[in-house]
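Below is one structure; the comments refer to it alone.
The values are calculated or read from the model by the stated rules, or taken from the named source; none is laboratory data. Because the structure is a prediction, the values reported are computed rather than measured. Here the Cβ positions follow ideal geometry from the backbone for every residue, glycine too, while neighbour counts run over all protein chains shown.
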Amino acid sequence: WHVGGREQLLSEIVDEVVDEMADLRPTGATPRDRMASVARQMRRQVLAHPYLVELARELGQGPATAFPGQVALAREATAAGLHGDDGADAVRALLWLVGGFVMLERLPQQPDQPVQRTTTQELWRDVRDDDIDAGLAKAMTRMPDPDALFETSLDALLDAIVPPSTSPGKKARATKRG
């Protein structure tokens, strides 16, 4: 039996979720690969437990749900040779990528969102613009595959911050802050 108030019970549930989310197991031969695996795991965890993550936020414990991922990403950024502001920017960029995807993937499922009369894909069907490639405009009429788009975005971001050739013991290329 649980003895205590509703807030205490909910807080204990959130603590369990945070403990579960801390169980990140980076995989891969290089820091870049491991950063990608952490980002994927974070996205999967939030998508698997959206209401518990929202509950954590409502109870003022939202940052705790992402913190284990931040630590894991910071560890791998350091291993990739990213330090100081460059390392922090890399970690934050990955967090924002994950957060943005989760938010957009969950948006249609939010109960407080009004039903939309049309989709972006439907709006693209009427676009006639000579400055936009016809193939691009046609492709925009199709629903995106969130998993494939996440992978494309993750690879592009990691290519910008950690070269694919970075391996254990190798330094990453110099960044803008040098």
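Cβ-Cβ under 7 Å, sequence separation 6+ or interchain: first residue in the stretch 131-158 and among the β-branched types (Val, Ile, Thr), partner at pLDDT 95 or above and in a helix (DSSP H, G or I). Which pairs?
The qualifying pairs are 141/124.
Select, from 142, 75, 92, 106, the only residue that is of a type in the set (Lys, Arg) and part of a loop (DSSP other than H, G, I, E, B).
Values: 75 fails: part of a loop (DSSP other than H, G, I, E, B); 92 fails: part of a loop (DSSP other than H, G, I, E, B); 106 fails: part of a loop (DSSP other than H, G, I, E, B).
142 is the lone residue from the list that is of a type in the set (Lys, Arg) and part of a loop (DSSP other than H, G, I, E, B).
Anything in the stretch 31-66 that is in a helix (DSSP H, G or I), hydrophobic (A, V, I, L, M, F, W, C), surrounded by fewer than 16 Cβ atoms within 10 Å (Cβ to Cβ) and in contact (Cβ under 8 Å) with a residue 24 or more places away in the chain? List them, or say none.
Residue satisfying the conditions is 47 alone.
Which residues, taken from the stretch 126-143, are modelled with pLDDT of 95 or more and either within 30 Å of the chain's Cα centre (by Cα) or under 17 Å from residue 107 (Cβ atoms) (or both)?
Across the stretch 126-143, the qualifying residues are 132, 133, 135, 136, 137, 138, 139, 140, 141, 142.
Being within 19 Å of the chain's Cα centre (by Cα), not β-branched (Val, Ile, Thr) and not in a helix (DSSP H, G or I): is that true of residue 28 here?
Values: within 19 Å of the chain's Cα centre (by Cα): yes; not β-branched (Val, Ile, Thr): yes; not in a helix (DSSP H, G or I): yes.
Answer is yes for this residue.
Evaluate the stretch 76-84: report whether one residue or more is within 17 Å of the chain's Cα centre (by Cα) and either within 22 Å of residue 153 (Cβ to Cβ) or surrounded by 15 or more Cβ atoms within 10 Å (Cβ to Cβ) (or both). Steps first, please.
From the stretch 76-84, those within 17 Å of the chain's Cα centre (by Cα) are 76-77; that's our starting set.
Add one more test, that the residue is either within 22 Å of residue 153 (Cβ to Cβ) or surrounded by 15 or more Cβ atoms within 10 Å (Cβ to Cβ) (or both), and what stays is 76-77.
Scanning the stretch 76-84 turns up at least one residue that is within 17 Å of the chain's Cα centre (by Cα) and either within 22 Å of residue 153 (Cβ to Cβ) or surrounded by 15 or more Cβ atoms within 10 Å (Cβ to Cβ) (or both).
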